[in-house]
Amino acid sequence: MKILTIISGEYGERHLQNIKLHAPSSWRLKTWQAPTVLPPVIDYPEDYIPETFPPADLILSFAELKGVAELLPEIAEKTGAKAVVAAVDNETWLPRGLARQLRGWLERMDVACATPKPLCSLTESDYGITRRDRITYESKEISEFARYFGLPDLKVVVDPESKEIKSAEVKRDAVCGCARHVAEGIIGLSVENVEEKAGLLHHHFPCLASMTKLNDFNHDTLMHESGHLLVNNISKQIKDYKDTKYFSPGKRSSS
């Protein structure tokens, strides 16, 4: 699969480096450094992009400037791309209204488009746009990318006697590499405190998603939502190994 990644700063650069390190050898990656300054309204996209681009099946936009979204239809046409993933880890970079417009523009071009919010909500069939709402898509290119990068998926093995994490295999990493970092850090931890530690490891990686509170995430931030998605994956696998405590009014707790 031929992939064009679009970056404009540290956020995109880290994503690109992690993809390069862990992508299948059959993927062919090219990168375009987007402008760091664009006008509020772009009337002629061709004025801000090269005359030609290398052919691509999939475009990954990690740009930190909302004007880049307005360039994506023109870039998709020039590359012949069949699909686009435009990350929404910060609404300043891709506001919800513009994300909706982008999906519509590309749909009319018969180009699939996913705008995962946050980026690590992407799976092989859908992605999040709020804490409760997800959008399904049909694209073999996006699905192929999401087999390896997107919603973190760790295969956690617990020692039944010590109730410690024996191993944590990364089946799908976050695009930025955070899941791999967390997997390495939780080995040997007790199931009783691994969730808290995993959350701290995620934040200290550090996660580069926005810390702005959003109404459609119950006034939480995309950085915290990203952490919830990762910790929830671990929680589901360790719940049967944790001690459950029961409390009765006026009585001591018993396990």
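Please treat every number below as a calculation from the coordinates, not as lab data. Quantities reported herein were computed from a predicted structural model and do not represent experimental measurements. So basically every Cβ, Gly included, is an ideal-geometry build from the backbone, and we count neighbours across all protein chains shown.
Each label point is 7 Å from the Cα along the Cα-to-Cβ direction; what then is the distance between the points at residue 138 and residue 17, in nm?
For residue 138 paired with residue 17, the spin-label model returns 4.0 nm.
Grab the beta carbon distance between residue 26 and residue 46, set R0 = 35 Å, and tell me the FRET efficiency rounded to 0.05. Write out the running numbers ahead of the final one.
Values: r = 32 Å, r/R0 = 0.91.
Once the sixth-power term is evaluated, E becomes 0.65.
Quickly work out the residue 37-to-residue 236 label distance, labels modelled 7 Å from Cα along the C-beta direction, and quote it in nm with one decimal.
4.7
Mind jotting down the distance between the C-alpha centroids of region 52-131 and region 9-27, whole Å?
Centre-to-centre (Cα) distance: 17 Å.
Given a cut-off of 24 Å, name the pairs among 82/117; 155/239; 82/171; 2/213; 66/197 whose C-alpha atoms lie farther apart than that in the structure shown.
Values: 82/117 21 Å; 155/239 14 Å; 82/171 26 Å; 2/213 36 Å; 66/197 34 Å.
Exceeds cut-off: 82/171; 2/213; 66/197.
Using only DSSP helix segments of four residues or longer, with each worth -39500 (n - 2.57), what per-residue ellipticity at 222 nm results for the chain after dividing by its residue count and rounding to 500?
Numbers: 7 runs with 82 residues, N = 255.
Mean residue ellipticity, 222 nm, calculated: -10000 deg cm²/dmol.
Of the listed peptides 138-150, 95-107, what is their order by residue-averaged count of other C-beta atoms within 10 Å, with the highest listed first?
On the way: 138-150: 19.6, 95-107: 15.6.
By packing density, highest mean first, the sequence is 138-150, 95-107.
Calculate the tail of P(r) for region 2-146: the fraction of all Cα-Cα distances greater than 22 Å, expressed in %. Before the final figure, lay out each step's value.
Working: 3282 of 10440 pairs.
The answer is 31 percent, as a whole percent.
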